[in-house]
Amino acid sequence: MKAKLLSLVCTSSLLAMSAANAADIDVKITNLTQGIYFTPILIGAHSSDAHLFQTGQAASDALQAMAEGGSIDALSATLDSINANKLANPAEGLLAPASSAMGSLSTTENNTTLSIVAMMLPTNDGFVGLDAWKIPTEAGTYHIYLNAYDAGTEANNELVVDGSGAPGTPGIPASPGAAPGTQGSGLTTTETNTMVHIHRGNVGDDEAIGGKSDLHNTVHRWLNPVAKVTVTVK
């Protein structure tokens with residue numbers, strides 16, 4: 001009888017711990033920029049030892065595919081491989097400047113940290129990101145401001161090449177919103193910092209034809225933070 005009672009107590013305690021560690025959360029992402037769009041957003045709740053990216057570390061192939069071409073497929077598969085809980089593309093496409101997207105996520109007991117990524121357009125390999133933020137256990141509303149990161153995988157030449165989003169192919173795949181300039185000569189052909197780092201920002205110029213950049217210095221520049229995340233823990 002004592003053994004059965006002890007077993008019941010232990011089982012109840014484990015269930016209570018699991019319930020305490022699991023959470024239902026709402027995640028709202030707001031684009032704070034003037035003229036930058038976010039490609040499909042990937043949100044993942046995962047264990048504390050996992051990362052989609054880390055500053056000061058080389059980008060994975062999956063991160064490069066997202067940062068240069070906007071594809072979240074490989075990173076989404078990475079989340080699946082570690083039994084993460086995920087929410088993919090809550091905006092159902094691009095998230096425009098000053099716009100928000102929202103979704104809900106049910107996390108399991110081991111998935112206690114939150115990560116978010118999305119490419120920023122128009123950039124060569126810039127992305128907005130949140131790296132392994134600890135999800136609070138107490139119900140409430142929490143706000144996080146996100147910076148823009150450079151994947152370090154491509155030179156920021158600021159030249160728009162329509163339809164080219166292939167990793168390793170120089171150029172910006174698209175410029176939604178304001179039409180880009182044309183026939184720029186390119187800002188640079190090298191990237192000296194090949195690790196993930198805070199993005200230096202677009203430079204742009206005021207030349208519609210020619211100049212160094214295809215981007216506009218009055219539209220495509222930004223200051224950090226570039227996004228606001230509101231997490232509601234239920």
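For a modelled paramagnetic label at Ser104, 7 Å from Cα along Cα-to-Cβ, the residues of the stretch 29-69 in reach, with backbone nitrogen under 20 Å, are 29-30, 42-46. Largest mean-square fluctuation among Gly152, Gly35, Gly56, in a Gaussian network model of the chain whose springs join Cα atoms under 10 Å apart, belongs to Gly56. Distances between placed amide hydrogens fall under 5 Å for Gly129 paired with Asn147, Tyr149, all partners being 5 or more residues away or on another chain. Length gained on full extension, Thr194 to Ser47: 50.2 nm, using 0.36 nm per residue less the C-alpha separation. Footprinting exposure proxy ranking of Ser81, Ser48, fewest other C-beta atoms within 10 angstrom first, gives Ser81, Ser48.
Amide H to amide H, with H built 1.01 Å from N, Ser71 comes under 5 Å of Met66, counting only residues 5 or more places away or on other chains.
Take each complete run of DSSP H in the chain, measure how far its Cα atoms stretch along the helix's own axis, and keep only those covering 20 Å or more with mean Kyte-Doolittle hydropathy at least -1.0; list them. Answer set is 2-21.
Laboratory data are not the source of any read-out in this text; all were calculated from the coordinates shown. As the structure is a prediction and not an experimental result, all values here were calculated from the model. Glycine gets a Cβ as well: all are built from the backbone with ideal geometry, and neighbour counts include every protein chain shown.
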